[in-house]
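The values are calculated or read from the model by the stated rules, or taken from the named source; none is laboratory data. Quick caveat: nothing in here was measured; it's all calculated off a predicted structure. FYI the Cβ positions are ideal-geometry reconstructions off the backbone, even for glycines, and counts take in every protein chain you see. Ligands, DNA and RNA are stripped out before the accessible areas are found, and what is left, the full protein with its side chains, is counted by its heavy atoms. Shrake-Rupley method; radii C 1.70, N 1.55, O 1.52, S 1.80 Å.
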Amino acid sequence: MEKITRFRSRTVVLPQSDIDTDQILPARFLTTTTRAGMGDALFADWRYDEHGRLIGDFPLNRPEAEGCQVLVAGNNFGCGSSREHAPWGLVDYGFKAVISTAFADIFRNNSLKNGLIPIIVDQPTHQWLLDHPGVEVEVDLEQRQLRLPGRSPESLPESLPETEMIEFPIDNFSRYCLMEGIDQLGYLLKHSDAISRFEQHRA
Amino acid sequence: MAGKSLFRKVWDNHIVVPETADTPAVLFIDLHLIHEVTTPQAFALLKERGLTVRRPDLTLATMDHSTPTVPVASLSDLDLVAEPAAAAQIRQLASNCREFGVELHGFGSDERGIVHVIGPELGATQPGKTVVCGDSHTSTHGAFGALSFGIGTTEVGHVLATQCLLQRRPKTLAINVNGTLPTGVSAKDIILAIIGRIGVDGGVGHVIEYRGDTIGSLDMEQRMTICNMSIEAGARAGMIAPDDTTYDYLAGRAAVPKGAAWQEALARWQTLPSDPDAVFDKECSIDAATLQPMVTFGTNPGMVIPVTGEIPANTGDGSFRRALDYMGLESGRPILGTPVDVVFVGSCTNSRMGDLRQTAAILEGKKIAENVRMLIVPGSQSIKAQAESEGLHEIFQAAGAQWRESGCSMCLGMNGDTVASGQLCISTSNRNFEGRQGIGARTILASPQTAAASALCGHVADHRTIG
């Protein structure tokens, strides 16, 4: 897995709240037996019309969304099905982070294991990001900070903190694995002896 | 020191390595249920790394999500009825199970069915166990006092390889349901009302314990319906304390302990209910006596009203407006009388014997409306056999409904059982998301009784008022 420490990107915005994993990756694409190519199916029912043509005004299809690595989405992103195909699709499409006010638990867990950072921000920051699609942000995983360098003071709502650095929560372990580009199975396998002792104790 | 909750007792009993500020807990898993859709990439990982399945004896496989609901006698017949990608995925599960020594309930097995239906049926789901599956409706098994939750495919790989998961301890939410349930109000209506109350994100980061005398009065199938939809409130899991109803259901089933071991298990299970002084991170109370049959009107399970209610006024929220546009519904209008094209009775939420008997009681001696297509899909092959031994299939077929083989079917439309674009389906399943039952399909979630009554009328109906 690619190591992530810090990157800059413009944002693309999907303002709907409660975007579920059926929208992110519809069920009919789940008959795959690999992880490859899921980006083509990302938001398929929103991105393509019934003839399979891209819908021009869907935010991801607009020219300015080209190359964006940060998705700003409405509240409670990733609810519903546990399908890991959702973060696979987002990562394959080119996203490295999703910003929302809240994430569904299973989606968040799946994302952290696939190099996709779920960034939780407060309501004013979230609203500002929704209102300013395409703004360039910096994600600093090491410092757990989201930086909004493009913000001009006059465009800020009063309740927004003056600093341009916004801390976001991420647990130490997931952060370490993302920064080192390692998966978590190796860590679990190191506990084989403890697992054996647990099994014997219960037998 | 405060007493422990049911959740906390089960959690503490499965800690292999405790969590620290820097590392999550290593949690032991007692039962790993697997199916064809969320496992191919996990088995591929094992092969890449030369790993084995650590505990095939704690792993149980079935095929349910993309399987046809027309008869398939064996894997070799699959190509006749399944699309090639689905057939390949189903075959891959069979070959992975063979290669790694995992028991599979495949085609031809009398015990095949929806993964969350067969776990309890076989007695594999038991109080105090940790149960996981690459499927969000794993919360179903919490009805037995198990800690059970859905995981992604990477985590499926972790459990296959180590029988453990890395987890942070979630918070707890007690939902107290007390009072006498009015006649005609079901477990499905209770859980839809709860999700309407706390919202689709109301349970995020929490394990729900459903408590109170109403919950205690429910049978195991009804408790499963409630725990099943915990995930639709965003909860990590849903649990109900085991009691005599639980033990009576489990007694004698294939995978439960027998003889002296059964007595020992009972003694252990009886210590699981939350201590009287247990403290929960959040609490919420519901008066069962005020509940009515519920139906959804939007595109998530929290957008729900009594069947006699009106579509709520637009909140001004863009997502709300979008949902009504998608559904073709208008604020201020009653939902009763909304024409339906398709009726689906099935899914891990409502496909068990009680659901089928209630559906049959409403359909018996009647015909469904002319323009309605109705699909009734039992949760497992053994439920199918039981229903047929009671003659329920004859009632369904005489009414004009289609009676199918078990599987997830039209709940998520992966197997070809879909709703056409623009059509409205009243469904006993668990998700009314955009396109869930087919591209452009519209879904109203409801109980089996409400679905059956609506099938007869050809529009959304109150089953309490049809004779």
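Taking the stated definitions as given, is B:Ser76 more than 28 Å from B:Gln270 (Cβ to Cβ), within 12 Å of chain A (Cβ to nearest Cβ) and open to solvent by 10 Å² or more (accessible area, probe 1.4 Å)? Spell out how you get there, then give the answer.
Values: more than 28 Å from B:Gln270 (Cβ to Cβ): yes; within 12 Å of chain A (Cβ to nearest Cβ): no; open to solvent by 10 Å² or more (accessible area, probe 1.4 Å): yes.
No; evaluated as a whole, the condition is false for this residue.
Is there a residue being in contact (Cβ under 8 Å) with a residue 24 or more places away in the chain, within 19 Å of B:Met63 (Cα to Cα), open to solvent by less than 10 Å² (accessible area, probe 1.4 Å) and not aliphatic (A, V, I, L, M) anywhere in region B:391-406?
Yes, the conditions are met somewhere in region B:391-406.
Please enumerate the residues belonging to region B:430-456 that are open to solvent by less than 10 Å² (accessible area, probe 1.4 Å) and away from chain A (no Cβ under 12 Å).
Correct list: B:Ile444, B:Leu445, B:Ala446, B:Ser447, B:Pro448, B:Thr450, B:Ala451, B:Ala452, B:Ala453, B:Ser454, B:Ala455.
Limited to region B:389-426, what total is found for residues that are within 14 Å of chain A (Cβ to nearest Cβ) and among the polar types (S, T, N, Q)?
First, the residues of region B:389-426 that are within 14 Å of chain A (Cβ to nearest Cβ): B:407-422.
Add one more test, that the residue is among the polar types (S, T, N, Q), and what stays is B:409, B:415, B:418, B:421.
Final tally of qualifying residues: 4.
Taking only region B:154-170 into account, find how many residues are charged (D, E, K, R), within 22 Å of the chain's Cα centre (by Cα) and open to solvent by 10 Å² or more (accessible area, probe 1.4 Å).
Here is the first cut: in region B:154-170, the ones charged (D, E, K, R) are B:155, B:168-169.
Okay, now just the ones that are also within 22 Å of the chain's Cα centre (by Cα), so B:155.
Cutting the leftovers down to open to solvent by 10 Å² or more (accessible area, probe 1.4 Å) gives us none.
The total comes to 0.
Of the residues that make up region B:25-37, is at least one surrounded by fewer than 20 Cβ atoms within 10 Å (Cβ to Cβ) and acidic (Asp, Glu)?
no
Open to solvent by 10 Å² or more (accessible area, probe 1.4 Å), in a helix (DSSP H, G or I) and in contact (Cβ under 8 Å) with a residue 40 or more places away in the chain - does that describe any residue in region A:100-110?
no
Among the residues of region A:13-32, what is the count of those that are closer than 22 Å to A:Gln127 by Cβ and either within 12 Å of the chain's Cα centre (by Cα) or in a loop (DSSP other than H, G, I, E, B) (or both)?
Summing the residues that are closer than 22 Å to A:Gln127 by Cβ and either within 12 Å of the chain's Cα centre (by Cα) or in a loop (DSSP other than H, G, I, E, B) (or both) in region A:13-32 gives 5.
Looking at (1) within 11 Å of another protein chain (Cβ to nearest Cβ); (2) crowded, with 24+ Cβ neighbours inside 10 Å, find the lone condition where A:Arg35 falls short.
Only one criterion is unmet by A:Arg35, namely (2).
Restricting attention to region B:75-116, report how many residues are over 21 Å from B:Thr153 (Cα atoms) and outside any loop (DSSP other than H, G, I, E, B).
Of all residues in region B:75-116, those over 21 Å from B:Thr153 (Cα atoms) come to B:75-84, B:107-112.
Now restrict to residues that are outside any loop (DSSP other than H, G, I, E, B): B:75-81, B:84.
Result for region B:75-116: 8.
For region A:137-149, how many residues meet the condition of being farther than 10 Å from A:Ile99 by Cα and surrounded by 15 or more Cβ atoms within 10 Å (Cβ to Cβ)?
Taking region A:137-149 first, the residues farther than 10 Å from A:Ile99 by Cα are A:137-145, A:147-149.
Among the residues that remain, those that are also surrounded by 15 or more Cβ atoms within 10 Å (Cβ to Cβ) are: A:137-141, A:144-145, A:147-148.
Final tally of qualifying residues: 9.
Conditions first: (1) assigned to a strand (DSSP E or B); (2) within 14 Å of chain A (Cβ to nearest Cβ). B:Ile286 passes all but one, so which condition is the exception?
It is condition (2) that B:Ile286 fails.
Out of the residues in region A:43-84 meeting the condition of being part of a loop (DSSP other than H, G, I, E, B) and among the acidic types (Asp, Glu), tell me which one is farthest from the other protein chains (Cβ to nearest Cβ). Full working, then the answer.
The initial filter retains those residues of region A:43-84 that are part of a loop (DSSP other than H, G, I, E, B), namely A:43, A:49-53, A:55-58, A:62, A:66-69, A:74-76, A:78, A:80-84.
Those left that are additionally among the acidic types (Asp, Glu): A:49-50, A:57, A:66, A:84.
Values: A:Asp49: 11, A:Glu50: 8, A:Asp57: 14, A:Glu66: 25, A:Glu84: 4 Å.
Only one residue tops the list, namely A:Glu66.
Can you name every residue in region B:84-102 that is surrounded by fewer than 16 Cβ atoms within 10 Å (Cβ to Cβ) and of a type in the set (D, E, K, R)?
Start the filter on region B:84-102 by keeping residues that are surrounded by fewer than 16 Cβ atoms within 10 Å (Cβ to Cβ), which leaves B:84-85, B:95, B:98-99, B:101.
Passing the criteria: B:Arg98, B:Glu99.
Here are some conditions: (1) within 19 Å of A:Tyr176 (Cα to Cα); (2) within 14 Å of chain B (Cβ to nearest Cβ); (3) touching a residue at least 12 places away in the same chain (Cβ under 8 Å). A:Gln127 meets all but one. Which one does it not meet?
(1)
If we keep just the residues of region B:171-216 that are open to solvent by 20 Å² or more (accessible area, probe 1.4 Å) and hydroxyl-bearing (Ser, Thr, Tyr), which is farthest from B:Thr130 (Cα to Cα)?
B:Thr183
Closer than 24 Å to B:Leu192 by Cβ, loosely packed, with under 14 Cβ neighbours inside 10 Å and within 14 Å of chain A (Cβ to nearest Cβ): which single residue out of B:Arg236, B:Arg321 fits that description? Write out each step before concluding.
Values: B:Arg236 fails: loosely packed, with under 14 Cβ neighbours inside 10 Å.
Unique residue meeting the criteria: B:Arg321.
Tell me, please, whether a residue that is open to solvent by 50 Å² or more (accessible area, probe 1.4 Å) and of a type in the set (D, E, K, R) can be found in region B:56-69.
Restricting attention to region B:56-69, the residues satisfying the condition of being open to solvent by 50 Å² or more (accessible area, probe 1.4 Å) are B:57.
From what is left, the residues that are of a type in the set (D, E, K, R) are B:57.
For region B:56-69, residues open to solvent by 50 Å² or more (accessible area, probe 1.4 Å) and of a type in the set (D, E, K, R): present.
Quick one: which of A:Asp40, A:Asp18 is of a type outside the set (A, V, I, L, M) and within 13 Å of another protein chain (Cβ to nearest Cβ)? I'd like the intermediate steps shown before the answer.
Details: A:Asp40 fails: within 13 Å of another protein chain (Cβ to nearest Cβ).
Residue meeting the stated conditions: A:Asp18.
Among (1) open to solvent by 20 Å² or more (accessible area, probe 1.4 Å); (2) at the interface with another protein chain (Cβ under 10 Å from one of its Cβ atoms), where does B:Phe149 come up short?
(1)
Taking region B:325-336 as the region of interest, how many residues are exposed (fewer than 12 other Cβ atoms within 10 Å of the Cβ), closer than 16 Å to B:Pro306 by Cα and in contact (Cβ under 8 Å) with a residue 40 or more places away in the chain?
Residues that pass the stated criteria total 0.
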